[in-house]
Each structure stands twice: as structure tokens, then as C-alpha cells.
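Written below as C-alpha cells is the structure these notes are about.
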Amino acid sequence: MNESNVSPPSGYDIDQLNHHIGLQEFGRGLQIAANAVFSNTGNRRSRYTKVSAILLSWADEDPNLPVSLEIEALRDVFINLYGFEVEEWKIPDVQSHTALNLKILQFLGDSDIKHLKIVYYAGHGKLSNHGQAIWTSHRNSKRDRQPTVKWSGIQNALEESQSDVLVLLDCCASGLSNTDEGNGVTELLAACAFNNSANGVGPFSFTHVLVSQLRVLVNKPSFTVGYLYNLLFTEVQGLPVKAAEFRKPPIHLVLTQDHRLPRSITLSTMRLPTGENLYRTDLFPTSDQSKETGAASSLSPSSSDFDSSTTSVSELPEYPRLLFSIRISEDIKPGDLSTELMADWLSALPIEAKSVRIEAGFASDSTLLIISMPIALLGYLPYDPAITLIGTARSSNQVSVESKVIEATVGIMSTVSFLLVIKLMEFALSISDWPGVIWNVLLHSFVLPALSEYRLTLRSSRLC
């Protein structure tokens, strides 16, 4: 091992404990996230008049990773259920990065704020020696240099597009950090984190879960990427597999954002019920509507298929939820650490205040809160070092519940012991004329042990 490349041991990041955030500032951050995810009201459809998707994979497919099988399923959903324009494109083994970069620039050529672009890739991915994400074709691993695509260069082009762009990556080492520099909104849904491996083709793959959820959501008037991510996360974490390595949580990153009005990309089927126009031609005339791919009208959902409800937080599964520790700058009284407090300073949120819960609170240098919230909000929370993601919750606070059970049990035991002592004392007094030896036996065998047990249980109840 080359010791020069090993980072020095750092231990826990104690310096982070110096960061605090005001209660109102944290509330504003939650409001921004909630507005982005749950801003749609009524039966509004997405803001886009056109959606184009490009599905990328290697021309020389790895037989051990037959992604073409799942690409076909995703293509079918995009075209026949959502009415998107779809193009499949194979990455060549020669001049791979240059060829793909030119193709992406061509794909982004007619960018428009009303034209959503979707870029999907399935195949191999890894980190370079310098920590950069690259796509590679393992079929050509015997070459001196494998065909590769540098993802960072492709990402920069997508972020500069005038269109909003949704990136879907089903490969290893796919969830990388954002640059937050660009024009439209660019969001990424990835199979795994940058330092993890994606599941292979099959029932546990990211694409399989994505196709499954897209089929379910097609009947919604519209849904945000954050809402979709919540469902993907929940399904992946609930996969019926014993091996935990298959339950890798997918990643959601907002690569670029409209800081004037933070929002999430909204998806909806472009196939309206019979009798409704797909585009408002008086406002958005298009001359090539008849040339769009995927015109299988027989597969269009009927008007009865559409769910009139909106994608609100109440429709999300209650669990799992994300747990955060929040170091609040204000000192909050213990009696105020309740959901009622949340309702007061989060009253402006477009979601129920109960969806953000205070799970625990502690007196610290100021106030330390443990808060749970829907997974859908994660990608849109403004970064602050005073906010730390600590885990996933699948239930309410079990420790507090167990403490109450223990306290109640100890109380019952104390009462029983006390009554036993009283009864023994009454019995002893009623037979005081017995010989002293019998009295001593009763005293040491029953009365004193009962008193000792009562003192012990009373002390335990105070500790609890």
C-alpha cells in the first residue's frame, strides 16, 4: 500500500457541532423543499408541451449485463403509456466519448423551457484513479485502453441546456455531486451512490423498479421527480431479499436549480383522454406533431383511468422516513418540543405539519432536535452544516415507548410489594402472642425481604 495516498485519520467531525441554524430559517428551508415537491394543486398537468428521451447503452453489450432487455421495457412505458419521443442510441467502441458528446449536443439542440429532455444510461460505470465517474464497456477489457465515456463532460452539457433535464443512471458509481451551475433544472436519479455498485439486470435492478413505479403513476395528473424518488426508495428498501447488499438506496440529486423559484421536474403522460387536445395550439403551435414517435393511440388511457387526486404527501407511504439531527440556535423549553410547535412555525407549508415530526429533543449548547420527514424532501433541502442525516426510520420512537412500558411495569410491581408488606404486618400483629421464634421466622423470611424488594423497585422506577 502506498502510504502517501492514504488520508490521515480524522475521527468524528467535532467542528461540525459548532454550526447552528435558526428555527425560522430551518422552517423556510423545509418550505422551499415542500413547495418544490408538492406544489401542484388541482388537476394541473406538467409544464411541458413536449418530452424527449434518449436511451443510451453500449453497442457491444456485455452478455453478463444484458441491459437491452430492461431498456426495451422502459422504452415501451415511455412511448405507449406516457407518449414521450424516444430514441435508442448505442455508444460506439471507437472514439466513444467524442461520439456521445456530439450526440448529446445534437439531442439538446432544440432546447426550450417547455421541452423536457430525459437522458437514460444503463451499463458499466466506475470511478477513475482521480475520482471521476466514467462509463465503460467491459466486453473490451482485453484492450490496452477500454472504451470510456467521461460522465463529467456529458453532465456539463446537460446542465447548460435551456431545457429542464432528467438524468436516469443505472450503473455503478453513478450518484456524484452537483455543480449547481446551469440554466434550467437538472435532476439525477441514480441506482446507487458514487462509491457503491448497482444491482445487475433482474427484479432488483434500478430500471426494473423505475418501470414498475412509472406504470403505477401513469394515472396521476402529474407527479414530481421527488415524489417518484420517494416511491423508488421505498420499493428498493422493501425488496424481499435477505441479503442487504441488494437493497441499495437509489440516489436523488438536484444538479442545477432555478433559485428564483425552486421546483422539481414534473412528469405526466402526454396522452390525454379522448376529446382533449395534447397541446394548446393557440399558445404553443407545433408543426410536427404528427411525426412524433409512439403514436399508438389505442394504448392511450381513457378518461376513466385518470386519478383526480393530486400527488400529495398524504399519498406517500408513512414509512420509511428520513431522520435528521438539527442543531437549533434557540433554546426551546422541554414542554414546547411537540408537533404543536411544528404546526406553528410550519403553518405556511403546503403539506400537513404532521408530515414533519419532532421525534426527540435534547438540551445542548442550544437545542438538539431529532426530526423525521418524507424521503421526497431530501433532494430539495438547502444544505446547512447544522443539519445531519442520521438514518432511516421505519417506526416511531421505540425507546420512549419501551421506557413507558418499563415504568408502568415497575409501578405495578411496587404496588404489589407494598400490599404484600401490609398484609404480612397485619398477620404478624394478629398473632403477636405466638412464641418469639415463630415471629422471627416470619420477620426474616417475608417482611424484611418484601421491604427490601419494595425499596429496590422504587429506586429503579426513579432511575427510569
Is it the case that segment 69-81 has a residue that's hydrophobic (A, V, I, L, M, F, W, C) and not in a helix (DSSP H, G or I)?
no
Flag if Asp62 is without any contact (Cβ under 8 Å) to a residue 60 or more places away in the chain, over 25 Å from Glu160 (Cβ atoms), acidic (Asp, Glu) and surrounded by 16 or more Cβ atoms within 10 Å (Cβ to Cβ)
no
Considering residues of segment 235-257 that are among the β-branched types (Val, Ile, Thr) and buried (at least 17 other Cβ atoms within 10 Å of the Cβ) only, the residue farthest from Asn183 (Cα to Cα):
Val236
Quick check: anything in segment 35-50 of a type in the set (Phe, Trp, Tyr), at pLDDT 95 or above, closer than 25 Å to Ser161 by Cα and out of contact with any Phe, Trp or Tyr (no Cβ under 7 Å at 6 or more places or on another chain)?
no
Segment 59-79, residues that are farther than 24 Å from Leu214 by Cα and either not assigned by TED's automatic domain parsing to the domain that holds Lys103 or not acidic (Asp, Glu) (or both)
Ala59, Pro63, Asn64
Name the single residue that is modelled with the lowest pLDDT among those in segment 78-94 being under 17 Å from Gly125 (Cα atoms) and surrounded by fewer than 20 Cβ atoms within 10 Å (Cβ to Cβ).
Asp93
Asp258 vs (1) touching a strand residue (DSSP E or B) at 6+ places or on another chain (Cβ under 9 Å); (2) under 18 Å from Glu159 (Cα atoms); (3) in a loop (DSSP other than H, G, I, E, B): all pass except (1)
Checking Ser137 against (1) more than 26 Å from Val185 (Cβ to Cβ); (2) touching a helix residue (DSSP H, G or I) at 6+ places or on another chain (Cβ under 7 Å); (3) modelled with pLDDT under 95: exactly one of these is not met. Which one?
(2)
Identify, by number, the condition in (1) touching a residue at least 12 places away in the same chain (Cβ under 8 Å); (2) assigned to a helix (DSSP H, G or I); (3) surrounded by fewer than 21 Cβ atoms within 10 Å (Cβ to Cβ) that Thr98 doesn't meet.
(1)
Unmet requirement for Val185, which otherwise passes all of (1) more than 21 Å from Lys50 (Cβ to Cβ); (2) in contact (Cβ under 8 Å) with a residue 24 or more places away in the chain
(1)
Glu407 fails exactly one of (1) among the acidic types (Asp, Glu); (2) at pLDDT 60 or above; (3) not in a loop (DSSP other than H, G, I, E, B), namely (2)
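The values are calculated or read from the model by the stated rules, or taken from the named source; none is laboratory data. Quantities reported herein were computed from a predicted structural model and do not represent experimental measurements. Cβ sites come from the backbone with ideal geometry, for glycine too, and all protein chains shown count toward neighbours.
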